[in-house]
């Protein structure tokens with residue numbers, strides 16, 4: 001039985017509120033859960049104390065039993081120093097300009113010599 005600490009959505013349309021719960025990994029997102037551990041209300045300002053409430057004692061228990069937090073919950077727990085903070089993922093190679101854009105940039109920087117088009121025909 002694989003356990004996850006994850007969010008279940010509640011609230012009205014476009015007004016979400018989430019419960020932090022422990023659930024089996026195979027159960028539906030808003031379905032059956034084992035225990036409610038806290039709430040998350042993204043509609044409140046970031047500095048509001050009610051935005052994120054957690055029962056830290058029970059979360060430590062479930063982490064000790066082997067429950068795995070989802071990415072968002074791991075971020076919350078990292079902010080409270082309950083789990084190690086995740087390293088921000090970056091892929092600098094993927095964000096580089098592609099081959100044609102690099103050639104154009106190189107041609108523009110080099111004075112336009114490398115990829116220069118044929119001269120325009122002279123008018124008579």
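Read-outs throughout are calculated quantities, based only on the coordinates presented, and are distinct from any laboratory measurement. Quick caveat: nothing in here was measured; it's all calculated off a predicted structure.
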Legend entry - Degrees separating the helix 56-65 axis from the principal Cα axis of the chain, which is the longest one: 80
Legend entry - Normalised contact order of the chain, rounded percent, pairs of Cα under 8 Å and 6 or more residues apart: 17
Legend entry - Hydrodynamic radius (Kirkwood) for the chain, which is based on Cα pairs only, to one decimal in Å: 18.7
Inset, instruction - Enter the angle in degrees (range 0 to 90, nearest 10) between the Cα long axis of helix 99-109 and the first principal axis of the Cα atoms of the chain, meaning the one along which they spread out most. - result: 50
